[in-house]
Amino acid sequence: MSTDQSTRPSAQHSPSRFGALLAFLRNTWRGLTAMRTALTLLFLLALGAMPGALLPQRSLNSAKTDQYIADHGWWGRLLDRLQFYDVYSSVWFSAIYILLFTSLIGCLLPRTVEYARQLRAKPVLTPRNLARLPHHRQSTVDASADAVLTAARTRLRGWRVAEHTEEDGARSISAERGFLRETGNLVFHFGLLGILVAFALGGIYKYEGHVIVLANGGENSEFCNSGVANYDYFVPGLSVDGTQLSPFCVKVNGFTAQYLPTGQPTSYQADIQYQAGADLSTGTWRPYDLRVNSPLRTAGDRVYLLSHGYAPRFTVTYPDGTQRSNVIQWEQADPITLLSSGATKFDPPDTPDPEQRRKSQLAITGLFAPTAVYDGTVLSSSFPELRDPAVAVDIYRGDLGSDSGRGQSIYSIDQSMVDSGRLQKVARKNLALGEEITLDDGTRVRFDNVEQWVSLQVSHDPTQNWVLVFAVLMLLGLVTSLVVKRRRIWVRVTPAGGSGGSGRTVVEVGGLARTDQAGYGEEFTKVADELLRAARAGRES
Amino acid sequence: MPVDESLSTFSDWSYGSAVAVYLLAMIFLLVEQAFGRTARAAAAGRTARAAALVGAGAGGSSVVQADQTDQSDQSDQDRPRITPGVVSTPQRSRPERFGRMGAALIVLGALLHLGSIVLRGFAAGRAPWGNMYEYMSVVCFVAVGTWLALMRKFPIRRLSAFTLLPVVVLMFIGGTALYTTAAPVQPSLQSYWLVVHVSAAASGSGVLLVPGVASLLYLARKANERDPGRFVKLAARLPEADLLDRLAYRTTIIAFPVYTFGIFCGAIWAESAWGRFWGWDPKEIVAFVAWVVYAAYLHARATAGWRGNRAAWINVVGFAMTVFNLFFVNLVTTGLHSYAGV
């Protein structure tokens, strides 16, 4: 860019706007990449992440979040406006990590350049006064300077060495080692950057969906990843529109849970079949034993066994003798005993007239207990396994509101229809397996049997392998940078003064640890001892 | 797999004995701390020599000082020292004998402690860190083990009571309020990652207890150096601030990679158990926060103006985060790690 305005930093005398802007940018950049700032940003990151652990988060539990806001009045609403329930996608959290990210890059680039420069640089000249160094040894040996230096060179194999001859005739070796420390340091930080980038890309391309299917191999036990509509719940990444899901199908043939006598589960296992890729066209099903810690990995997606529960089957026999049977999942009301609640809904058979249909729809709602215990007539469950199933149901007749166009939960009836009197409770009873209840119009409702349902999660994240690669790099870099010490050692040999040619040599050894690492003392002592010993041994050779 | 009741009972007895022995060791070591020579007097000779070297030192930074103390430690072998293992004075003072007995008791306690963990593992037929009681027991064992290892290298025996105090408190809470009978674990915990992830997390946290304590003592010592009126009794009997700082740094750089490894393993396990490697679960958040804080500590210690007091404070905050992660997240919040609390 060429302008006639001064772009030089020394714009103090003529404070042109452009110069001032440049100065401002430069100072901002310097400030941002300073370690002080990086440290402050690290703290802000830690501080900013904390509310996510203390407040309910929408991404994890939106119902709980809404409840929290409702319970806390203006304070709850204020926190909502400040995005405290979506911490990790909030503006301020993003601001912190983007600043930190920039600061990290600004710190790493010059360091990488410096590192590359130092890789080619020679070890620094020997300091004039080795006695001033933190580690120092001196000794006079009966060997020539050449012999001492040769022995030193042998001992310092593996170190980066440079030799010098000084003005007064003394000769010295400067040696340095431990460059791997900085290598590890840079690998660690670049690995960290890699993780952040891969994580961000993951947010764009991943998706996750939940679906509940019956575990009986029947018609409602199959799920195909062909469209978003097949899911009960779907969370797309930023660029996922649901048109390009990896195609595969899963069918659940059975589910087994095992429990301790205390009711604690010890094993969940779903017996499934799946097809993906070419199998889809040939109709081949492959078996898989789906368990909690072993998801099905197919077609770039993963299928997880998330949860399970019961689906009671009811059969309604209408006065004219027609029968309708329905089985639908009821949700867990108590995750320990699997007491469940739900609503099984029926449309009257052969009633095309919506007006007529809305008068005689049926809903069976209430509680289901896999192992029934009664407190008086109140049903509850004592064990999660299917030992003595029973239901306690209210039966409603009338207009379920399913034609109203308003969505309703499959687990409950629309309470407003009850309140408006269009849906009326016509019976209430506890039913054991096979028992039935007869309504006032002669309709009979029988509790037939119980199916199990499983909740599956499908996850897709094309970047997660990259995250793993970067994580491994990061860990290797971290260990290297903490274990390796960068240190220097210098050897100076001076022919002993006075009786020149006597073959006696003064050997001085000095050492300095470059990095913040205690413990160099031990190594220095060892190396210096060996150097001096080698020097003495060099006398014989 | 059925639980072996008698092994489990032996494990509980062993646990109780370990706590009792630790308590006894604490008493012995407090006697040494209270009646022994003050650290200042003991280290007087060494300090004089170190000071002379500092005067001659090139950089004068704490790095250099640290190295010198190292070196002087070695060149001091002919002087009477209070490091265990080096017998140089034929006649030991009574407090010193108490201290040595205390150290022996810590070893005994650690053996009993190890016994209780191993027996628990055999009783339940799985890795013995499947619930909060067991996890805390392992954390405390690692902390004591780290301390014993450090005691061989640094003259810190008389500080043992300060490390044993949090250990005993944690073990007491674990053994009473959080006690759980030996049992198999939930399906989601049945994975070899239980062995890898939890042991790494427990080891990391256990080792990190030591720098937490050392940094607190460092702060007390420094406060006393600035204003001799503060922590008069305590600081006079503490070792040099430099030694405490070195102790904290060395243990942190051991624990930090282990802790990082623990978090990474947790992410890998979460990918196969919960369907995503990172989901901002409360446990994940606080583990991340603690990691960031320790990373800040390592950076602070290499930054002018931050090393010393500020770095020590950061380390203390890091340890507070670890404890918060253990108690608050397991017991108060509801997240995917909540089952570990019961």
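The values are calculated or read from the model by the stated rules, or taken from the named source; none is laboratory data. All of these numbers come straight from a predicted model, not from anything done at the bench. Ideal geometry is used to build each Cβ from the backbone, glycine not excepted, and the neighbour counts take in all protein chains shown.
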Query raised in the report: Looking at B:Arg221, B:Arg230, which is the one that is without any contact (Cβ under 8 Å) to a residue 24 or more places away in the chain and in a loop (DSSP other than H, G, I, E, B)?
Result: B:Arg230
Query - A:Phe368 being in contact (Cβ under 8 Å) with a residue 60 or more places away in the chain and surrounded by 22 or more Cβ atoms within 10 Å (Cβ to Cβ) - result: yes
Report task. Report, ordered by the first and then the second residue, all pairs with beta carbons closer than 7 Å, sequence separation of six or more or different chains, a first member in the range A:85-103 that is outside the structural domain of A:Asn27 (by TED's automatic domain parsing), and a second member that is not β-branched (Val, Ile, Thr). Result -> none
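Residues are listed down the side, and each one gets a yes or a no for (1) surrounded by 13 or more Cβ atoms within 10 Å (Cβ to Cβ); (2) touching a residue at least 40 places away in the same chain (Cβ under 8 Å):
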position: A:Arg387; (1), (2): no, no
position: A:Ala390; (1), (2): yes, yes
position: A:Asp394; (1), (2): yes, no
position: A:Ser404; (1), (2): yes, no
position: A:Met417; (1), (2): yes, no
position: A:Ser420; (1), (2): no, no
**Report entry** The one condition in (1) surrounded by fewer than 12 Cβ atoms within 10 Å (Cβ to Cβ); (2) modelled with pLDDT of 90 or more that A:Leu44 fails to fulfil
**Finding:** (1)
**Report entry** A:Glu219, sole failed condition from (1) more than 14 Å from chain B (Cβ to nearest Cβ); (2) at pLDDT 85 or above; (3) out of contact with any helix residue (DSSP H, G or I) (no Cβ under 6 Å at 6 or more places or on another chain)
**Finding:** (2)
**Report entry** Candidates A:Gly519, A:Gly511, filtered to the one that is within 14 Å of chain B (Cβ to nearest Cβ), modelled with pLDDT of 85 or more and more than 30 Å from A:Gly398 (Cα to Cα)
**Finding:** A:Gly511
Requested in this report: Write out, first by first residue and then by second, each pair whose Cβ atoms fall under 6 Å of each other, whose residues are 6+ apart or on separate chains, and whose first residue, in the range A:194-207, is over 21 Å from A:Leu100 (Cα atoms) while the second is of a type in the set (D, E, K, R) and modelled with pLDDT of 90 or more.
Outcome: A:Lys206/A:Asp461
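State all residues of the range A:311-338 that are outside any strand (DSSP E or B) and buried (at least 17 other Cβ atoms within 10 Å of the Cβ); if no residue qualifies, say none.
First pass over the range A:311-338, keeping only residues outside any strand (DSSP E or B): A:318-322, A:328-330, A:333-338.
Residues satisfying the conditions are A:Tyr318, A:Ile328, A:Gln329, A:Trp330, A:Ala333, A:Thr337, A:Leu338.
Rundown of residues vs (1) crowded, with 22+ Cβ neighbours inside 10 Å; (2) outside any loop (DSSP other than H, G, I, E, B), yes/no style:
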residue	(1), (2)
B:Trp306	no, no
B:Ala312	yes, yes
B:Phe319	yes, yes
B:Val323	no, yes
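Results for (1) in a strand (DSSP E or B); (2) on the phi < 0 side of the Ramachandran plot, shown as yes or no for each residue.
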{"residue": "A:Glu385", "(1), (2)": "no, yes"}
{"residue": "A:Arg397", "(1), (2)": "yes, yes"}
{"residue": "A:Gly401", "(1), (2)": "no, no"}
{"residue": "A:Gln424", "(1), (2)": "yes, yes"}
{"residue": "A:Val450", "(1), (2)": "yes, yes"}
{"residue": "A:Gln457", "(1), (2)": "yes, yes"}
Query raised in the report: Does the range A:241-268 hold any residues that are more than 14 Å from chain B (Cβ to nearest Cβ), among the hydrophobic types (A, V, I, L, M, F, W, C) and in contact (Cβ under 8 Å) with a residue 40 or more places away in the chain, and which are they?
Result: A:Leu245, A:Phe248, A:Val250, A:Val252
Requested in this report: Kindly provide the set of residues from the range A:393-411 that are modelled with pLDDT of 85 or more and basic (Lys, Arg), ordered by number.
Outcome: A:Arg397
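Can you tell me which residue within the range A:40-88, out of those that are in a helix (DSSP H, G or I) and among the hydroxyl-bearing types (Ser, Thr, Tyr), is nearest to the chain's Cα centre (by Cα)?
A:Tyr88
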Query raised in the report: Which one of the conditions (1) at pLDDT 90 or above; (2) within 14 Å of chain A (Cβ to nearest Cβ); (3) touching a Pro at 6+ places or on another chain (Cβ under 8 Å) does B:Leu209 fail to meet, given that it meets all the rest?
Result: (2)
Query - Residues within the range A:288-321 that are farther than 15 Å from A:Val252 by Cβ, touching an Asp or Glu at 6+ places or on another chain (Cβ under 7 Å) and not hydrophobic (A, V, I, L, M, F, W, C), tallied - result: 3
**Report entry** Selection count where residues are at the interface with chain A (Cβ under 7 Å from one of its Cβ atoms) and over 18 Å from A:Leu104 (Cα atoms), scope the range B:292-313
**Finding:** 1
Requested in this report: Give the residues of the range A:105-136 that are aliphatic (A, V, I, L, M) and away from chain B (no Cβ under 11 Å), sorted by residue number.
Outcome: A:Ile105, A:Leu108, A:Leu109, A:Val113, A:Ala116, A:Leu119, A:Ala121, A:Val124, A:Leu125
Requested in this report: Can you tell me which residue among A:Arg26, A:Arg36 is part of a helix (DSSP H, G or I), of a type in the set (Lys, Arg) and either in contact with a His (Cβ under 8 Å, 6 or more places away or on another chain) or more than 11 Å from chain B (Cβ to nearest Cβ) (or both)?
Outcome: A:Arg26
Query - Identity of the residue in the range B:269-290, within 7 Å of another protein chain (Cβ to nearest Cβ), touching a residue at least 24 places away in the same chain (Cβ under 8 Å) and of a type outside the set (A, V, I, L, M, F, W, C), that ends up surrounded by the most Cβ atoms within 10 Å (Cβ to Cβ) - result: B:Pro282
Requested in this report: Identify the single condition in (1) touching a residue at least 60 places away in the same chain (Cβ under 8 Å); (2) over 22 Å from the mean Cα position of the chain (by Cα); (3) more than 10 Å from chain B (Cβ to nearest Cβ) that A:Asp271 does not satisfy, given that it satisfies every other one.
Outcome: (1)
Query - Among (1) in contact (Cβ under 8 Å) with a residue 60 or more places away in the chain; (2) more than 30 Å from A:Asn465 (Cα to Cα); (3) in a strand (DSSP E or B) - the single one A:Phe223 does not satisfy - result: (2)
Report task. Looking for whichever is over 28 Å from A:Asn293 (Cα atoms) and more than 14 Å from every other protein chain (Cβ to nearest Cβ) here; the options are B:Leu150, B:Leu178, B:Leu165. Which one fits? Result -> B:Leu165
Query raised in the report: A:Thr505 passes all but one of (1) in contact (Cβ under 8 Å) with a residue 12 or more places away in the chain; (2) of a type outside the set (Lys, Arg); (3) surrounded by fewer than 21 Cβ atoms within 10 Å (Cβ to Cβ); which number fails?
Result: (3)
